[in-house]
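The values are calculated or read from the model by the stated rules, or taken from the named source; none is laboratory data. Quick caveat, the model's predicted, so the values are computed rather than measured. Neighbour counts are summed over all protein chains in view; Cβ atoms, including those assigned to glycine, are modelled from backbone coordinates with ideal geometry. Heavy atoms of the whole protein, side chains included, go into the accessibility calculation; ligands, DNA and RNA do not. Shrake-Rupley method; radii C 1.70, N 1.55, O 1.52, S 1.80 Å.
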Amino acid sequence: MAAVSKGPRNLITDVAGLRVGNAQDDHIKTGTTVLAGDKPFTASVHVMGGAPGTKETDLLAPDKTVEQIDALVLSGGSAFGLDACSGVMDGLRAMGRGFAIGAMRIPIVPGAIIFDLINGGAKDWDENPYRALGREALQNASEEFATGTAGAGTGAMAAMQKGGLGSASLILPDGTTVGALVVVNALGSVTTPGDKHFWAAPFELGGEFGGAGPDPTTGHVTPAKSRKEQAMMLQATQGANTTIAIVATDAPLNKTQCHRLAVTAHDGMARAIVPSHTPLDGDLVFGVSTGEGAAVDQTKFREIAAAGAVCLSRAIARGVYDATKAPGDIIPTYRDMNG
């Protein structure tokens with residue numbers, strides 16, 4: 001696969017027709033991120049983790065009736081965070097968006113969540129905050145958005161350092177754009193032993209996550225003891241992990257191809273997080289297309305899918321690299337550890 005460059009923003013919003021909005025509560029150390037389209041878009045999903053938390057993902061299977069959706073939600077909060085989808089639905093309904101059934105319009109808003117309930121933030125709310133965070137994130141949706149400790153990445157943690165919200169893009173030789181958006185909250189590590197070199201380093205473009213390069217050492221077959229697990233207490237980490245992502249393109253893909261795009265993107269996750277797809281992670285990827293017209297042929301699709309996996313690897317590293325220190329953190333950031 002040959003790619004010309006990363007997109008002008010190096011964000012998933014380099015894919016025409018997409019916007020991203022963040023909302024967060026720094027007191028709780030959590031937040032929500034929304035991917036919205038200027039108009040409905042085609043989407044599917046593939047889950048490879050053993051402990052997913054999702055809403056409305058069954059309808060994204062290739063054999064289900066709904067062809068297009070209005071938005072996707074990535075949220076903190078574990079099961080509480082699924083209520084962010086309701087806030088996004090409220091906002092979209094107020095805009096007159098949604099699947100038309102008679103006089104009614106029903107916004108279709110699938111979502112997925114990470115576990116960030118034991119991360120040093122106060123979880124003493126009386127009323128679930130995620131519905132309001134979801135609507136706020138939708139209102140904030142634009143082509144520019146913050147990464148790192150922002151939105152759904154606010155309270156995220158990887159094994160060895162803070163996680164975060166990451167994004168990246170590629171423009172293929174024919175002008176097709178591919179992008180990724182990810183919340184990194186993994187059981188596994190995004191860095192090799194020593195905490196300096198990202199597993200995703202071979203795919204880095206232009207020093208986008210520090211330019212440390214690939215680890216020159218070998219033999220990394222046993223992961224180091226997780227700082228995240230030690231900080232959270234071992235007995236509290238069952239199901240306390242997940243990396244959730246979206247890979248998108250402006251090429252016209254059908255729903256089956258969006259599903260295969262999501263499947264292939266998991267390769268990028270496995271290259272960037274070691275280990276990934278464990279029984280204690282809820283790892284999943286949504287595949288999205290904003291393009292219209294006849295679906296691309298298999299040769300072209302192969303290039304798009306390979307680019308999606310590369311974008312996801314880079315986005316994962318960027319999410320961790322861009323994380324910033326905040327009061328109450330229970331593990332350090334990558335930049336704190338590396339100067």
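A compact table of results
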item	result
Sole exception among (1) assigned to a loop (DSSP other than H, G, I, E, B); (2) surrounded by fewer than 15 Cβ atoms within 10 Å (Cβ to Cβ) for Pro202, by number	(1)
Segment 100-136, subset among the basic types (Lys, Arg) and under 19 Å from His27 (Cβ atoms), residue modelled with the lowest pLDDT	Lys123
Yes/no for Pro173 being out of contact with any Cys (no Cβ under 7 Å at 6 or more places or on another chain), free of Cβ contacts under 8 Å to residues at least 40 places away in the same chain and open to solvent by 40 Å² or more (accessible area, probe 1.4 Å)	no
Filter result for Ala23 (among the hydrophobic types (A, V, I, L, M, F, W, C), farther than 13 Å from Ala71 by Cα, open to solvent by less than 50 Å² (accessible area, probe 1.4 Å) and modelled with pLDDT of 95 or more)	yes
Matching residues in segment 277-287 - criterion: being open to solvent by 10 Å² or more (accessible area, probe 1.4 Å) and touching a strand residue (DSSP E or B) at 6+ places or on another chain (Cβ under 7 Å)	Leu280
Tabulated pairs, segment 143-164, first open to solvent by 10 Å² or more (accessible area, probe 1.4 Å), second assigned to a strand (DSSP E or B) and of a type in the set (A, V, I, L, M), C-beta under 6 angstrom, 6+ apart or interchain	Phe145/Val20; Thr147/Leu165
Near pairs, Cβ below 6 angstrom, 6+ apart or cross-chain, from segment 42-64 (farther than 21 Å from Ala79 by Cα) to any residue that is polar (S, T, N, Q)	Thr42/Gln68; Thr42/Ser289; Pro62/Thr256
Options Lys55, Lys64: the member that is of a type in the set (Lys, Arg), open to solvent by 40 Å² or more (accessible area, probe 1.4 Å) and within 28 Å of Ala317 (Cα to Cα)	Lys55
Odd one out for Asp116 among (1) of a type outside the set (Lys, Arg); (2) open to solvent by 10 Å² or more (accessible area, probe 1.4 Å); (3) under 27 Å from Arg318 (Cα atoms); (4) in a loop (DSSP other than H, G, I, E, B)	(2)
Any hit, segment 304-316, residues being open to solvent by 30 Å² or more (accessible area, probe 1.4 Å), out of contact with any Ser or Thr (no Cβ under 9 Å at 6 or more places or on another chain) and either of a type in the set (A, V, I, L, M) or not in a strand (DSSP E or B) (or both)	no
Scan of segment 130-176 for residues that are assigned to a helix (DSSP H, G or I) and either within 13 Å of the chain's Cα centre (by Cα) or basic (Lys, Arg) (or both), ordered by number	Arg131, Arg135, Gly151, Ala152, Gly153
Test: residue in segment 254-273 that is part of a loop (DSSP other than H, G, I, E, B), open to solvent by less than 30 Å² (accessible area, probe 1.4 Å) and either free of Cβ contacts under 8 Å to residues at least 24 places away in the same chain or under 29 Å from Ile171 (Cα atoms) (or both)	yes
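Let's see how each residue does on (1) outside any helix (DSSP H, G or I); (2) under 23 Å from Val183 (Cα atoms); (3) among the β-branched types (Val, Ile, Thr):
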residue: Pro52; (1), (2), (3): yes, yes, no
residue: Pro62; (1), (2), (3): yes, no, no
residue: Val66; (1), (2), (3): yes, no, yes
residue: Arg93; (1), (2), (3): no, no, no
residue: Gly96; (1), (2), (3): yes, no, no
